[in-house]
Amino acid sequence: MAERLQKYLARCGVASRRACERLIESRRVKVNGRVVTLQGTVVEPGRDHVEVDGRVISAPAHLRHLALHKPPGVLSAASDPRGRRTVLDLIPGDRRLFPVGRLDIASEGLIVLTDDGDLALRLTHPRHGVDKEYRVLLGGKADDAALLRWGDGVVLDGVLTKPVRLEDLESITGGRWVRVVLQDGRYRVVRRMAEAVGLRVERLIRVRIGSLHLGSLAPSKWRPLLRGEVDALRAASGRAIP
């Protein structure tokens, strides 16, 4: 069955669909020996010959979905030109997977690794409304007024964000733990929101993506997702279960 080139590349585990669109724009993709730059290009899997940077692309026989507990100091990226450690370095011998969504290098917690580009897009694109939940340690004097302003939404990049669900969890010496639930997936969005209302994030742990919880998974450890967990993520993102 024919499908759009960027969707096919994502389904083959090259990268997320948006990243595949950038590969096409950068003239790094060939179809039947010719460079393709048009996003609407349609290919027929099994018939058309597709390459990225000279590497022949084919769809995996089985899609993989893993949950990983990213520790601080590890990049949520497939590779790094500066040679820093990435989440794929924690998964021995499998370079076809890519991380879904972003956690900055200082943050920790749940991240999904997969070669399912379609599901990756649905989990990260804001139009699908998938919740991300965090445990956040705020340093210094985190007063109630600042939390209320944060919950109402703040201006980032000139745009007012959607309201955020906030719950006070625990006060400790020199800080305060709060629960934060939002759907925005922009880079460092939780830290930037906190900074916008004068709060300082000391520690940030993502504990849930949609219906998937971090649970007792230890830092640097990973596990395959169960079929029921994948189905629940698809359902939560508006994708029908096949």
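The values are calculated or read from the model by the stated rules, or taken from the named source; none is laboratory data. For clarity, every value in this text was computed on a predicted model and none was experimentally measured. Backbone-built Cβ (ideal geometry, glycine too); neighbour counts: all protein chains shown.
Considering only residues that are over 17 Å from the mean Cα position of the chain (by Cα) and buried (at least 16 other Cβ atoms within 10 Å of the Cβ), which ones fall in the stretch 16-26?
L23, I24, listed by residue number.
Any residue at all in the stretch 16-36 that's in contact with a helix residue (DSSP H, G or I) (Cβ under 7 Å, 6 or more places away or on another chain), polar (S, T, N, Q), in contact (Cβ under 8 Å) with a residue 24 or more places away in the chain and under 19 Å from G101 (Cβ atoms)?
yes
Confirm whether T114 is hydroxyl-bearing (S, T, Y) and touching a Gly at 6+ places or on another chain (Cβ under 7 Å).
no
Would a scan of the stretch 99-112 turn up a residue that is among the hydrophobic types (A, V, I, L, M, F, W, C), crowded, with 21+ Cβ neighbours inside 10 Å and either more than 21 Å from L214 (Cβ to Cβ) or modelled with pLDDT under 90 (or both)?
yes
Restricting attention to the stretch 126-137, and to residues there that are in contact (Cβ under 8 Å) with a residue 40 or more places away in the chain and out of contact with any helix residue (DSSP H, G or I) (no Cβ under 7 Å at 6 or more places or on another chain), which single residue is farthest from V207 (Cα to Cα)?
Taking the candidates together, the pick is P126.
Which one of these is surrounded by 17 or more Cβ atoms within 10 Å (Cβ to Cβ) and at pLDDT below 90: G13, G40, G46?
G13
Suppose the filter is loosely packed, with under 15 Cβ neighbours inside 10 Å, touching a residue at least 24 places away in the same chain (Cβ under 8 Å) and at negative phi; does V164 pass it?
no
Might you check whether a residue that is among the charged types (D, E, K, R) and touching a Lys or Arg at 6+ places or on another chain (Cβ under 8 Å) occurs anywhere in the stretch 171-185?
Checked the stretch 171-185: at least one residue is among the charged types (D, E, K, R) and touching a Lys or Arg at 6+ places or on another chain (Cβ under 8 Å).
Answer with yes or no whether D231 is in the same structural domain as L75 (by TED's automatic domain parsing) and charged (D, E, K, R).
Yes: the conditions hold for D231.
From (1) touching a helix residue (DSSP H, G or I) at 6+ places or on another chain (Cβ under 9 Å); (2) hydrophobic (A, V, I, L, M, F, W, C); (3) surrounded by 14 or more Cβ atoms within 10 Å (Cβ to Cβ), pick out the condition that doesn't hold for V155.
Condition (3) is where V155 drops out.
This table checks each residue for (1) surrounded by 12 or more Cβ atoms within 10 Å (Cβ to Cβ); (2) more than 30 Å from I205 (Cα to Cα).
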position: E51; (1), (2): yes, yes
position: H69; (1), (2): yes, no
position: G73; (1), (2): no, no
position: S79; (1), (2): yes, no
position: G93; (1), (2): no, no
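Does S216 satisfy the criteria of being outside the structural domain of A120 (by TED's automatic domain parsing), at positive phi and in a loop (DSSP other than H, G, I, E, B)?
No.
What's the total number of residues in the stretch 128-145 that are of a type in the set (A, V, I, L, M) and more than 17 Å from E170 (Cβ to Cβ)?
The qualifying residues number 2.
Inside the stretch 27-37, can you point out the residues that are surrounded by fewer than 16 Cβ atoms within 10 Å (Cβ to Cβ), in a strand (DSSP E or B) and among the basic types (K, R)?
R34
Considering the stretch 28-45 alone, what residues qualify as being within 25 Å of T124 (Cβ to Cβ) and basic (K, R)?
Selection gives R28 alone.
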